[in-house]
Ligand code: HEC
């Protein structure tokens with residue numbers, strides 16, 4: 001009897017750990033695929049802005065310190081409301097999708 005409940009407890013712990021481990025991976029890959037379809041045309045797949053549109057608009061490298069020093073709230077606002085030639089995505093994306101994108105923009109600093 002004791003043994004059985006022990007095994008159930010271990011299974012529950014393993015399931016919880018798997019659930020936790022799966023979260024950031026899901027968020028990052030969702031952000032990554034969104035970024036590739038919606039943002040890379042201007043910002044480039046690596047975020048460096050080395051595209052025709054990026055060069056014409058003197059886009060900053062999204063991974064650079066100048067961009068990364070902005071808070072998550074500031075980045076969320078730029079993506080939601082746009083800024084100059086940066087399109088606004090607040091109407092076409094859900095808040096969770098914009099959050100995933102901010103996570104992905106953070107990951108670009110490590111590339
Ligand atoms: C049509 C081209 C275009 C697309 C598509 C685009 N951006 Fe931008 N983005 C810009 C421009 C231009 C700026 C610079 C705005 C400014 O500061 O004048 C910018 C600025 C930014 C900034 C702020 C960087 C800084 O200099 O502080 C972030 C963050 C950003 N974009 C993220 C995204 C994300 C995420 C997407 C996809 C959902 C996206 N952009 C799609 C053109 C684009």
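Nothing in this text is a laboratory measurement; each read-out follows from the coordinates by a stated rule. Keep in mind that this is a model prediction, so the values were computed, not measured. For neighbour counting, all protein chains shown are included, and Cβ atoms are generated from backbone atoms with ideal geometry for every residue, glycine included.
Restricting to the stretch 80-97, give me the number of residues that are in contact with a helix residue (DSSP H, G or I) (Cβ under 8 Å, 6 or more places away or on another chain), within 8 Å of the ligand (Cβ to nearest atom) and closer than 23 Å to residue 50 by Cα. Qualifying residue count for the region: 2. Looking across the stretch 63-79 at every residue that is in contact with a helix residue (DSSP H, G or I) (Cβ under 6 Å, 6 or more places away or on another chain) and over 21 Å from residue 45 (Cβ atoms), the one that is surrounded by the most Cβ atoms within 10 Å (Cβ to Cβ) is identified as 76.
Residues are listed down the side, and each one gets a yes or a no for (1) touching a helix residue (DSSP H, G or I) at 6+ places or on another chain (Cβ under 6 Å); (2) loosely packed, with under 14 Cβ neighbours inside 10 Å; (3) not in a helix (DSSP H, G or I):
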{"residue": "50", "(1), (2), (3)": "no, yes, yes"}
{"residue": "61", "(1), (2), (3)": "no, no, yes"}
{"residue": "101", "(1), (2), (3)": "yes, no, no"}
{"residue": "104", "(1), (2), (3)": "yes, no, no"}
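Tell me, yes or no, whether the stretch 28-44 has at least one residue that is out of contact with any helix residue (DSSP H, G or I) (no Cβ under 9 Å at 6 or more places or on another chain), free of Cβ contacts under 8 Å to residues at least 24 places away in the same chain, outside any helix (DSSP H, G or I) and surrounded by fewer than 18 Cβ atoms within 10 Å (Cβ to Cβ). Looking for residues that are out of contact with any helix residue (DSSP H, G or I) (no Cβ under 9 Å at 6 or more places or on another chain), free of Cβ contacts under 8 Å to residues at least 24 places away in the same chain, outside any helix (DSSP H, G or I) and surrounded by fewer than 18 Cβ atoms within 10 Å (Cβ to Cβ), one finds none in the stretch 28-44, hence no. If you scan the stretch 25-63, which residues turn out to be more than 8 Å from the ligand (Cβ to nearest atom) and under 15 Å from residue 110 (Cβ atoms)? 28, 31, 32, 45, 46, 47, 48, 61, 63 - these are the residues of the stretch 25-63 that are more than 8 Å from the ligand (Cβ to nearest atom) and under 15 Å from residue 110 (Cβ atoms).
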